[in-house]
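Everything on this sheet refers to the single structure shown next.
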Amino acid sequence: MQRKEYTAALSSSCPGYIQEDFNSDDIQWDFRDGDWQAFPGLNLITTFGHTPGHQSAVVTLPHSGPMILSFDTGDLQENFTALHIPGSTTNAQDALLSIKRLNDLKTQLDAELVLFHDPQAIEKLKIFPHYYD
């Protein structure tokens with residue numbers, strides 16, 4: 001977890017942050033400051049804007065190739081094609097920079113950009129029993 005996200009969660013009144021989770025002594029946090037590799041093939045990259053410490057993931061699969069999991073960086077395809085700021089942000093400038101970052105990364109890696117809130121994009125995702133490998 002990005003340290004910025006944890007710090008923001010502790011002081012936020014947003015219902016998206018469940019205070020009991022962030023204040024729990026049962027969780028052993030692994031704070032990060034910036035991009036990091038969770039393990040080979042899974043990199044977490046900073047995409048601040050939706051929240052102060054938002055992250056996206058770059059997954060590299062042996063046959064499917066690189067996939068960028070945008071999570072909440074942008075809601076719809078138009079956020080990425082027309083560079084529209086998504087509906088919910090804590091910092092609009094950071095959100096736009098993060099959208100541009102994922103667009104650039106998509107081009108550099110020749111990656112698939114996976115959107116989690118766009119109904120048309122979701123319809124095109126493989127679902128069980130099909131899978132990405």
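Read-outs throughout are calculated quantities, based only on the coordinates presented, and are distinct from any laboratory measurement. It should be emphasised that the depicted structure is a prediction, and the values quoted were computed from it without experimental measurement. Methodologically, a virtual Cβ is constructed for each residue, glycine included, from the backbone with ideal geometry; neighbour enumeration extends over all protein chains shown.
Some notes on this structure:
- Extending 7 Å from Cα along the Cβ direction at Q120 and again at K100 yields two label points whose distance is 2.5 nm.
- In the chain, helices alone account for a calculated mean residue ellipticity at 222 nm of -8500 deg cm²/dmol, with every DSSP H run of four or more residues adding -39,500 (n - 2.57).
- Subtracting the Cα-Cα distance of Q77 and H130 from their residue separation scaled by 0.36 nm leaves 16.8 nm.
- Relative counts (whole %) of C-alpha pair distances in the range 33-123, using bins that are 5 Å wide: 3, 16, 25, 27, 18, 9, 2, 0
- Label separation (E20 vs A57): 2.5 nm, computed from points 7 Å beyond Cα along the C-beta direction.
- Gaussian network model of the chain, springs between alpha carbon atoms under 10 Å - residue of P66, P15, P119 with greatest fluctuation: P15
- In the chain, the longest principal axis of the Cα atoms and the axis of helix 92-109 are about 40 degrees apart.
- Here K124 is the anchor, and the lysines within straight C-alpha reach of less than 30 Å, apart from those fewer than 8 places off in the same chain, are K100, K106.
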